[in-house]
Amino acid sequence: MTAGNVVPMVSVGAYLTFIQENFGELLTLLIEHVLITAQTVAIAVPIAVALGIGITYNERAATAVLWLAGIAMTIPSLAAFGLLIPFLGIGSPPVVFTLVLYSQLPVIRNTYVGLTGIEESTIQAGRGLGMTRGQRLLRIQIPKALPIILAGVRNAVVIVVGVAAVGAFVGAGGLGALIFQGIREANPVMTVVATIVVSALALASDYGIATIEQLLRLRNGEEINARLSTQLCRRALP
């Protein structure tokens, strides 16, 4: 490696100074990133859950839908953005559309696995009580499968937070804009700080959803090793 390619060492103080001087911009970009993620999840989860429920009634449809959802995740994000720009324009629309596709597999798969994994005796009990198929789905199957479905949502959210950073390349905004700016300007402090904030957002989202997932498992009577946040929530909730 030549001297011109060596990245200079940066002190911790430089990172803290950058955060202090650019806190407003960091907060604005973080909010943009959260909004892109929230918009994607709000669109993707209902679609994926509906598909997951639908394919429980047809094994061939399950194979086809899961295969297509898997194929969607293999498309490189930048390629997908480029293909969608002529139809959706520059900015967040092509990014949200792509992220919705990326979110489908974990949620569809977990919804399918959660619903089909319920003991037949439990479903038969509902049938014996005179429940219709829809009533059994809403009152027995979905509540039982909800922790597994939420685990799929958890995986999808982490994927969305990470890939949304790439969306800044096509003008979607968010923390990725600061990452790309830092790369263009050869500013390691800017790049590292923005990357750390994205990672922290992904970790916080994962931890929060995992806590809700554990609460649902406890509600279903499952024995789990509850994390501290789960224990605190149980004490706080009536």
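The values are calculated or read from the model by the stated rules, or taken from the named source; none is laboratory data. Predicted, not measured: the structure shown is a model, and the values here were computed from it. In this analysis, Cβ positions are derived from the backbone assuming ideal geometry, glycine residues included, and neighbour counts consider all displayed protein chains. These accessible areas exclude ligands, DNA and RNA; they are computed on the full protein's heavy atoms, side chains included. Shrake-Rupley method; radii C 1.70, N 1.55, O 1.52, S 1.80 Å.
General observations
- Qualifying residue in the stretch 122-143 (condition: part of a helix (DSSP H, G or I) and among the hydroxyl-bearing types (Ser, Thr, Tyr)): yes
- Among the residues of the stretch 37-77, those that are assigned to a helix (DSSP H, G or I), open to solvent by 40 Å² or more (accessible area, probe 1.4 Å) and more than 20 Å from residue 142 (Cα to Cα) comprise 38, 39, 60, 63, 64, 67, 68, 71, 73, 74.
- Qualifying residue in the stretch 107-116 (condition: within 17 Å of residue 163 (Cβ to Cβ), open to solvent by less than 20 Å² (accessible area, probe 1.4 Å) and either in a helix (DSSP H, G or I) or not basic (Lys, Arg) (or both)): yes
- Of all residues making up the stretch 121-167, the number that are touching a residue at least 24 places away in the same chain (Cβ under 8 Å) and of a type in the set (D, E, K, R): 2
- Against the numbered list (1) in a helix (DSSP H, G or I); (2) under 27 Å from residue 29 (Cβ atoms); (3) more than 21 Å from the chain's Cα centre (by Cα); (4) not small (Gly, Ala, Ser), residue 94 comes up short only at (3).
- Checked against (1) in contact (Cβ under 8 Å) with a residue 24 or more places away in the chain; (2) touching a Phe, Trp or Tyr at 6+ places or on another chain (Cβ under 9 Å); (3) surrounded by fewer than 23 Cβ atoms within 10 Å (Cβ to Cβ), residue 172 passes all but condition (3).
- Of all the residues in the stretch 95-106, those that are within 17 Å of residue 172 (Cα to Cα), open to solvent by 10 Å² or more (accessible area, probe 1.4 Å) and not hydrophobic (A, V, I, L, M, F, W, C) number 1.
- The residues on offer are 127, 136, and the sole one that is farther than 21 Å from residue 164 by Cβ and either open to solvent by 60 Å² or more (accessible area, probe 1.4 Å) or in contact with a strand residue (DSSP E or B) (Cβ under 6 Å, 6 or more places away or on another chain) (or both) is 127.
- Of all residues in the stretch 180-195 being under 13 Å from residue 18 (Cα atoms) and part of a helix (DSSP H, G or I), the one that is nearest to the chain's Cα centre (by Cα): 194
- From the list 38, 42, 62, 79, the lone residue that is aliphatic (A, V, I, L, M) and in contact (Cβ under 8 Å) with a residue 40 or more places away in the chain is 62.
- Annotation: of all residues in the stretch 216-238 being touching a Leu at 6+ places or on another chain (Cβ under 9 Å), open to solvent by less than 40 Å² (accessible area, probe 1.4 Å) and in a helix (DSSP H, G or I), the one that is nearest to residue 151 (Cα to Cα) is 216.
- A residue that is out of contact with any Asp or Glu (no Cβ under 7 Å at 6 or more places or on another chain), closer than 30 Å to residue 89 by Cα and touching a residue at least 60 places away in the same chain (Cβ under 8 Å) occurs nowhere in the stretch 206-227.
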